[in-house]
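**Q** Take this structure first; my questions come after.
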Amino acid sequence: MVTCGEAPAFSSRRAYSLASVAANRDRVLLLIGVFKLLKAALLTMTGLAVLVLLPEGVAAYLQCAVSFVGVAPGGQLLGRLTQRLLALDEKTARHLGALALVYAGVFLTEGVGLLLRRRWAEWLTVVVTASFIPFEIYELAVRFGPGKVATLILNAAVAIYLVARRLRDRRSANETRTVRKVG
């Protein structure tokens, strides 16, 4: 217990461990921010490709890119994706391209805010990330897949981590205010 006028007694070892915990928390936050920026870049490229090339062009470009990389172009995933792209009409393709750009803007905002360690960005990320979880659960129920499970676990972990971080920081701030009032 700290009495009036006394500073809390911390050993240098404890202070070092607290500093390393804070540094690790910042690294996780920065990692989440970089991940959000990567998602923004991918969605921006996808949205622009759909808007500029339309489905036929995107399907042809995708087949060329996959052939260049060396992945078997006859794979089931590529075939299904190409069929779905070709089945889209122009209006739907434009809407999907615009929607991808909107989400890219949201992810860009989240990523930059997290890299700048802004509190609002943490809450924005919690809300946006948690809003996808019901859709991910539905998708898992409709068609189970390991990628969907991984996505659900990752998004839930990000949301839980950021909420815990915000609550821990709030508790710490309240304790600091209490100590100042007593002192």
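**Q** Give A104, A141 a once-over and let me know the one that is surrounded by fewer than 17 Cβ atoms within 10 Å (Cβ to Cβ) and out of contact with any strand residue (DSSP E or B) (no Cβ under 6 Å at 6 or more places or on another chain).
**A** Working: A104 fails: surrounded by fewer than 17 Cβ atoms within 10 Å (Cβ to Cβ).
Residue meeting the stated conditions: A141.
**Q** Identify, from the list A87, A93, A59, the residue that is more than 23 Å from T44 (Cβ to Cβ) and either at pLDDT below 85 or surrounded by 15 or more Cβ atoms within 10 Å (Cβ to Cβ) (or both). Reasoning before the result, please.
**A** Values: A93 fails: more than 23 Å from T44 (Cβ to Cβ); A59 fails: more than 23 Å from T44 (Cβ to Cβ).
It is A87.
**Q** Give me a count of the residues in the range 82-113 that are among the acidic types (D, E), in contact with a Leu (Cβ under 8 Å, 6 or more places away or on another chain) and farther than 23 Å from G33 by Cα.
**A** Looking only at the range 82-113, we keep the residues that are among the acidic types (D, E), and these are 89-90, 110.
Remaining after also requiring in contact with a Leu (Cβ under 8 Å, 6 or more places away or on another chain): 90, 110.
From what is left, the residues that are farther than 23 Å from G33 by Cα are 90.
Final tally of qualifying residues: 1.
The values are calculated or read from the model by the stated rules, or taken from the named source; none is laboratory data. Just so we're clear, the structure is a prediction, and the values are computed from it rather than from any experiment. All Cβ positions, glycine included, derive from the backbone under ideal geometry; neighbour counts span all protein chains shown.
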